[in-house]
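Only the coordinates and a few stated rules stand behind these numbers; no lab work does. Because the structure is a prediction, the values reported are computed rather than measured. Don't worry about glycine lacking a Cβ; one is built from the backbone with ideal geometry, like all the others, and counts go over all protein chains shown.
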Amino acid sequence: MCLAPSLASAEDARLPYHLLREMQMAQLEMSRSHTNLAIVLEMRSTLPDVKYSDITAYIDAKSGKIPVPIGAAGAFAVPVREDLSAEDPWIIVNQPKGTMVLSWQAGLAPALVRQMTNALHYGRLMRVVQGCDEVQESMRQFFPGAPHLTANGLRLIFRSSAIAPAAIIHARGGDRRLRADTLGELVIPIDGDLMEEDPVMTFTEVPVAVEIARKSEGP
């Protein structure tokens, strides 16, 4: 997954409504243009003993408190309303000042991951992976201090097996077999020639997890 954290700097664990609304509008716009990526906003505590289930948040509107549900992995969404935009109330979180982190993540959409039990075209899959870079640049306006990460492939994680699982790229020049390591992981790299050729790719078994592999381009 692509992760871009930024410490919430608002006083008393509070954030202005307009900030989260703008983040969410950018997230929704990216979701519309990258339908094979699942893009979510998240919040979490930096305190080690605080679980996601411990975090509650609400919009402190003039009309009353409006709950902001926090999901199992910290995912959240705020209601987009014109009256709230005009008022721009605080969003209050039940955690101490300086302990909350906002982040966004992007990964392959579940519908695309489910297709990885069958043959997939290399180019189609890797174009989705590359789309994460475009999403990162769009979200950088909200997370300017986040590390610059470039997608360089797709990491597949398999269950341990006596025979190493593999991804097989059926290229014109012959099959390319990428075997999982002793941890059951392999990375399918982004390759310009294969992107152009767009061969079919198959898997010897279904991976248990899929994530975008990335490398840092700076501090």
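Remarks
- Lysine pairs within the chain, Cα separation less than 24 Å, 8 or more sequence positions apart or different chains: 4
- Protection proxy ranking, peptides 69-75, 89-95, 137-143, average beta carbon neighbours within 10 Å, highest first: 89-95, 137-143, 69-75
- Listed residues T46, T204, T182, most fluctuating in the chain (Gaussian network, C-alpha, under 10 Å): T182
- Neighbours of F203, meaning other residues whose beta-carbon lies under 14 angstrom from its beta-carbon, give a summed charge of +3 when Lys and Arg score +1 and Asp and Glu score -1.
- E217 paired with T150, simple spin-label distance in nm, labels 7 Å along Cα-to-beta-carbon: 0.6
- Normalising by residue count, region 2-108 has a Cα convex hull of 98 Å³ per residue.
- Take every pair of alpha-carbon atoms less than 8 Å apart whose residues are at least six positions apart; their mean separation over the length of the chain yields a relative contact order of 25 percent.
- Shown in residue order for region 125-138 are the 3J(HN,Hα) couplings computed by the Karplus curve 6.51 cos²θ - 1.76 cosθ + 1.60 at θ = phi - 60°: 5, 6, 5, 5, 4, 5, x, 5, 5, 5, 4, 4, 5, 5 Hz (x for Gly and Pro).
- Helix-only CD estimate at 222 nm, as mean residue ellipticity for the chain, using -39500 (n - 2.57) per DSSP H run (n ≥ 4): -7000 deg cm²/dmol
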